[in-house]
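The values are calculated or read from the model by the stated rules, or taken from the named source; none is laboratory data. Values in this document were obtained by computation on a predicted structure and should not be read as measured data. Heads up, the Cβs are rebuilt from the backbone with ideal geometry, glycines too, and the neighbour counts pull from every protein chain shown.
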Amino acid sequence: MAQRSSIVPRRRSRPFARLRIKPVLSVFASSPDLWFAIISACWVVLLYRHVIGAAFVYDDVTQIQNNPALSSWHSAAEYARSSVPFNSEFRGVGGSFYRPVFWFSLALDRALWSLRATGFHFTNLALHWANGLLAFLFLRRLRISLLLSAAVSIIWLGLPINSEVVAWVSGRSISLAVLFLLAGLLSADWYLRSNRIVALLCYALASFGALLSHEIGILTLPMTCLLLYAGNAVRRSWLVLSGAGLAVDTLYLWLRQSAGARLTSGVPVPIGLAITFWKYIAWILLPVRMSIERSTDVPTNNSPMIRAAALIGGLALFLAILRLRNKMPEVAAGLTWLCIALVPFCGIVPIYQGMAERYVYLAGLGLVFAIVALVFHLKGRTRSMALCALILWVFWGVWRLNARVLDWRGEVPLYLSSLDATPKSSVLLYNLGVAFAEAGDASKAADYYQRAIALKPDYTSAIINLGNLLQNQGNYSQAEGLYERAISLDPRDPDAWVDLGNLYLHLALTQQAKSAYEKAIALKPNDVEAIIDLGAVLQRSGDFSAAEQAYRRAIAVDPGQAAAYCDLGALFLQEGNLDAAREQLIKAIEHNPSYALAYFDLGVVYEQTRRRDLAVEMYKKALDIQPDYQHARSNLERLESRP
């Protein structure tokens with residue numbers, strides 16, 4: 001009898017077919033998602049353990065450490081109604097951003113951790129880990145094998161190029177946006193499977209959260225379109241999800257415009273698009289020399305041959321995606337993800353900094369997916385060789401990441417290592433000057449300021465800071481010349497006028513100081529420092545009424561400004577109004593418990609009201625905060641010497 005052959009029904013192919021590879025880690029079999037969450041969390045902590053105790057660096061100092069708006073929810077809520085200018089220290093175009101969710105996350109950390117940087121770093125690590133977990137879950141929902149999904153997420157979590165987003169607290173805006181973006185894609189997949197309204201609502205909320213965290217959130221919609229294409233979604237799903245995405249984008253753009261944000265004041269520069277694209281790819285694959293400041297890397301005067309080669313390479317990549325979309329759909333999908341996430345940062349959309357390592361955070365996930373999927377698709381000896389190369393690359397990346405994380409532990413090592421990669425960066429030279437000035441090394445600070453000015457002669461911030469150093473050293477004429485040079489370069493810079501006023505005030509040139517402060521306030525009406533300094537000039541000249549008005553105006557602008565309360569208390573003390581002086585000085589201490597001058601002045605008030613014990617206590621507190629406070633020490637010794 002002839003044997004009957006069994007006929008197996010042929011399955012319809014899917015763009016994201018499950019790879020039939022026996023799992024290496026059988027421990028995943030029972031609860032793979034939970035096990036991956038635990039392993040990936042340990043992996044992230046191991047990789048970034050050295051950054052947990054790091055301090056605030058770079059923009060963290062101004063955006064977090066010295067930002068009083070984060071001290072209360074009421075002040076932080078202003079970020080939902082107004083835009084924030086980009087860091088003016090970068091070359092290229094300017095503009096402003098609108099990222100209220102990012103600011104709320106910083107305000108929440110401030111409420112939980114005060115100004116302890118460790119808490120902020122823990123949050124950054126948690127966001128990075130959560131993104132790796134969501135990427136794993138997303139790939140699993142697309143029926144990618146367990147081993148491939150885990151390998152992609154683990155490798156991506158350890159990419160050295162991601163260190164800027166993870167180790168730098170201010171880089172959080174991108175990881176926060178990617179968190180919402182991945183959550184949005186999972187919600188979109190949920191909607192495709194269930195057609196439930198709640199899934200669509202979650203998709204809209206996640207998309208909105210991504211947009212309010214960072215401008216990269218605008219990529220949620222094109223990534224959703226990639227998901228719809230890969231999943232062979234029906235027309236109705238295309239219309240519903242793309243319509244929801246467009247509605248969210250429109251609402252965001254309206255809010256952004258209402259807040260006064262503008263992405264840039266320049267125009268797109270697509271001439272170097274292909275070169276920039278391949279340079280970003282090189283940074284992901286071989287991050288040998290890393291820098292926090294990459295504005296000097298923007299392609300400008302490359303030869304036509306280099307531009308042509310880059311364009312040919314881009315065309316070849318596009319043709320490869322078309323060819324692979326049926327044979328190796330996972331590889332094609334990863335490369336498409338890479339292009340969608342990276343091309344906007346290559347000159348299509350003008351960016352204030354030009355180029356930055358953090359812009360490849362999302363794109364790197366697509367490239368890793370394409371590489372790992374390609375290795376899994378290879379056969380025989382070729383696959384073994386490719387797998388060995390991949391493992392070596394991963395271990396090399398871990399070693400490189402460890403070195404970069406160590407750089408992030410302090411400003412000086414960070415700037416010096418970055419300067420090795422981008423030696424023509426005047427911004428890094430300037431920030432090194434600031435770091436050494438704060439450390440008390442005036443000689444090195446002056447040297448770096450001068451090097452920054454040599455690279456960029458119109459660098460007013462470096463000129464002003466160099467003037468401040470010279471003023472502190474007693475070189476008043478040179479300092480005045482530098483302030484005037486900064487004003488001639490930018491007459492609308494209020495900082496130059498304030499520092500010039502401080503110099504005149506120190507030299508007892510009250511009229512010149514008053515004029516300089518008034519010009520600063522005219523340029524920036526809410527400049528609290530200038531208003532307080534104007535009050536000091538008026539107080540010194542004997543116009544107590546006008547001085548009081550200036551101090552109260554400063555308090556109205558910033559109710560948490562301890563210096564204004566202290567100076568107002570000192571004014572009342574000078575007038576002999578001891579009760580009013582005590583009230584204002586207590587407010588100053590409430591807003592800044594580490595304000596030595598306020599304790600000293602309060603001690604003087606208690607001494608004049610014959611409350612000797614309280615005066616002694618205040619002088620001791622002033623000395624605890626500032627041990628070299630000679631006036632407080634002499635007053636304390638005088639009181640303690642009395643019987």
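Only one entry of GLY467, GLY433 meets the criterion of being under 22 Å from the mean Cα position of the chain (by Cα), surrounded by 19 or more Cβ atoms within 10 Å (Cβ to Cβ) and part of a helix (DSSP H, G or I), and that entry is GLY433. None of VAL152, VAL61, VAL169 is within 14 Å of the chain's Cα centre (by Cα) and either buried (at least 19 other Cβ atoms within 10 Å of the Cβ) or among the aromatic types (Phe, Trp, Tyr) (or both) except VAL169. When every residue of segment 179-188 is checked against the conditions, at least one turns out to be within 19 Å of LEU251 (Cβ to Cβ) and under 20 Å from the mean Cα position of the chain (by Cα). Per the listing LEU228, LEU239, LEU200, the residue uniquely modelled with pLDDT under 95, in contact with a Phe, Trp or Tyr (Cβ under 6 Å, 6 or more places away or on another chain) and either more than 30 Å from PRO85 (Cβ to Cβ) or buried (at least 23 other Cβ atoms within 10 Å of the Cβ) (or both) is LEU228. Among the residues of segment 192-220, those identified as in a helix (DSSP H, G or I), over 18 Å from ARG235 (Cα atoms) and among the aliphatic types (A, V, I, L, M) are VAL198, LEU201, ALA204, LEU205, ALA206, ALA210, LEU211, ILE216, ILE218, LEU219. Contact map, segment 288-302: first residue within 15 Å of THR276 (Cα to Cα), second residue in a loop (DSSP other than H, G, I, E, B) and of a type in the set (A, V, I, L, M), Cβ cut-off under 6 Å, separation 6 or more or different chains; pairs are ARG294/MET355; ARG294/ALA356; ASP297/MET355; VAL298/MET355. The condition of being among the aliphatic types (A, V, I, L, M) and modelled with pLDDT under 90 holds for LEU505. From the list LEU127, LEU205, the one residue that fits, being touching a residue at least 40 places away in the same chain (Cβ under 8 Å) and surrounded by fewer than 24 Cβ atoms within 10 Å (Cβ to Cβ), is LEU127. Given the condition closer than 25 Å to PRO457 by Cα and either not small (Gly, Ala, Ser) or not in a helix (DSSP H, G or I) (or both), answer yes or no: does some residue in segment 388-405 qualify? No, the conditions are met nowhere in segment 388-405.
Scanning segment 411-427 for residues that are in a helix (DSSP H, G or I) and either within 16 Å of LEU466 (Cβ to Cβ) or among the β-branched types (Val, Ile, Thr) (or both) gives VAL412, SER426, VAL427. Of the helices (runs of 4 or more DSSP H) lying entirely inside segment 240-342, those containing at least 1 residues that are acidic (Asp, Glu) and either in contact with a helix residue (DSSP H, G or I) (Cβ under 7 Å, 6 or more places away or on another chain) or closer than 30 Å to TRP393 by Cα (or both) are 329-342.
With respect to the conditions (1) surrounded by fewer than 16 Cβ atoms within 10 Å (Cβ to Cβ); (2) closer than 21 Å to ASP567 by Cβ; (3) touching a helix residue (DSSP H, G or I) at 6+ places or on another chain (Cβ under 9 Å); (4) at pLDDT 90 or above, SER594 falls short on a single one, namely (4). Within segment 555-606, being free of Cβ contacts under 8 Å to residues at least 60 places away in the same chain and not in a helix (DSSP H, G or I) holds for PRO559, GLY576, ASN577, ASN592, PRO593, SER594, TYR595. Only residues that are farther than 23 Å from GLU590 by Cα and either over 37 Å from the mean Cα position of the chain (by Cα) or surrounded by 22 or more Cβ atoms within 10 Å (Cβ to Cβ) (or both) were counted in segment 524-574, giving 11.
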